[in-house]
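The values are calculated or read from the model by the stated rules, or taken from the named source; none is laboratory data. Please read these numbers as outputs of a predicted model, since none were measured by experiment. Glycine also receives a Cβ, built like all others from the backbone with ideal geometry; neighbour counts cover every protein chain displayed.
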């Protein structure tokens, strides 16, 4: 329970999802003396928001409203994730991490509308979302109190939450208690965690896992991958996709089209062993076909239009952007600096990229007005290039980068002798 000092601000704004955890939080907050205002933030998860609002009110919330943040996600964050090919640890394409800062900002706005309120989230103390929520709260409204029930209540797991709701007279769907996987979706991705994924020594049936999630992601009819087009043409303007297969479209339309068309393609998901910000290892499946195709195309466009130092800087910006989003640093000077510094490089990323999808996605064609590729330099055939000029190039680069003869170290001889001895053992059959 909370002490009186923590209860000075009675109104609270809860980031509500409609799931078991945040549903149990509502009556628990009422028990602590709070007036509960639920905020459902639409980031493209295709939930039944009206039903969730009704559920929140039934559980005792004073208000339950929806804040639509889809356009903010598409305008402010997704373009940089695509244009910079931003991936955490080179493999995680940033799904959940993109939405949390906008959910937190919407909570802060609602709290101000109420004249001040405690900000409440349902993230546990194990994961990354607690960091993303609370870093955003502190950055945007440091004066508002913050409450994370999982850090103070006595409940240990989902069964405890269900029993608590039942004790309050509410009916609980047994499927929500015993569900195998935890899933979170938005317009960019679907994450699947928990169950067998938590056991690194368990052999996974990815088909079964994907089948369990099939009705969740985007929740709309989609092509079977065997009947979907096997070639995609993506047009970029300054790092942002603006047309798909020759037809102009908004970024939201492009992302939705690619996600719904290829969600069950064999290349549409990533199985990731991830280092959480808390230091805990986790494993999850992330279904993100739009991200796979758009980031692949953007990176290849960058390779074609940027010189080597500029491309290395571009890749570094992508890593920086992914890390700061993952670690909850969206509302920070470092994010603003990264976006501003990357702008001149993203401005070069204009052109059309053709991606072939079989046997696995690869870039087959790049048509870019600012490409640095020159056939007369790269060709193996006759050209105006003078091979003799390279002699001076080699001399100068050696002088500036190496500048002295290399002397073998003694341990190299030891390693060589061990290798020879090992080969002799193998040859003798011992």
* **the range 219-266, residues that are in a loop (DSSP other than H, G, I, E, B) and at pLDDT 95 or above** => 238, 239, 245, 246, 249, 250
* To do: Kindly check whether there is at least one residue in the range 56-67 that is at pLDDT 95 or above, crowded, with 19+ Cβ neighbours inside 10 Å and over 30 Å from residue 166 (Cα atoms).
  => no
* Out of 84, 147, report the one residue that is buried (at least 24 other Cβ atoms within 10 Å of the Cβ) and either within 17 Å of the chain's Cα centre (by Cα) or at pLDDT 95 or above (or both). => 84
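Here's the yes/no breakdown for (1) touching a strand residue (DSSP E or B) at 6+ places or on another chain (Cβ under 6 Å); (2) within 19 Å of residue 303 (Cβ to Cβ); (3) in the same structural domain as residue 228 (by TED's automatic domain parsing); (4) surrounded by 12 or more Cβ atoms within 10 Å (Cβ to Cβ):
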{"residue": "316", "(1), (2), (3), (4)": "no, yes, yes, yes"}
{"residue": "340", "(1), (2), (3), (4)": "no, no, yes, no"}
{"residue": "350", "(1), (2), (3), (4)": "yes, yes, yes, yes"}
{"residue": "360", "(1), (2), (3), (4)": "no, yes, yes, no"}
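Condition check ((1) within 30 Å of residue 234 (Cα to Cα); (2) outside any strand (DSSP E or B); (3) in contact with a strand residue (DSSP E or B) (Cβ under 6 Å, 6 or more places away or on another chain)) across all residues:
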position: 66; (1), (2), (3): no, no, yes
position: 73; (1), (2), (3): yes, yes, no
position: 108; (1), (2), (3): no, yes, no
position: 136; (1), (2), (3): no, yes, no
position: 159; (1), (2), (3): no, yes, no
position: 170; (1), (2), (3): no, yes, no
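Do we have residue 344 as assigned by TED's automatic domain parsing to the domain that holds residue 275, loosely packed, with under 10 Cβ neighbours inside 10 Å and at pLDDT 90 or above here?
Details: assigned by TED's automatic domain parsing to the domain that holds residue 275: yes; loosely packed, with under 10 Cβ neighbours inside 10 Å: no; at pLDDT 90 or above: yes.
Judged against the criteria, residue 344 is not a match.
Just one of 395, 383 is modelled with pLDDT under 85 and more than 30 Å from residue 230 (Cα to Cα); which is it? Reasoning before the result, please.
Working: 395 fails: modelled with pLDDT under 85.
Going through 395, 383 in turn, the sole match is 383.
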* **Of all residues making up the range 398-411, the number that are surrounded by 10 or more Cβ atoms within 10 Å (Cβ to Cβ) and either outside any helix (DSSP H, G or I) or at pLDDT below 65 (or both)** => 0
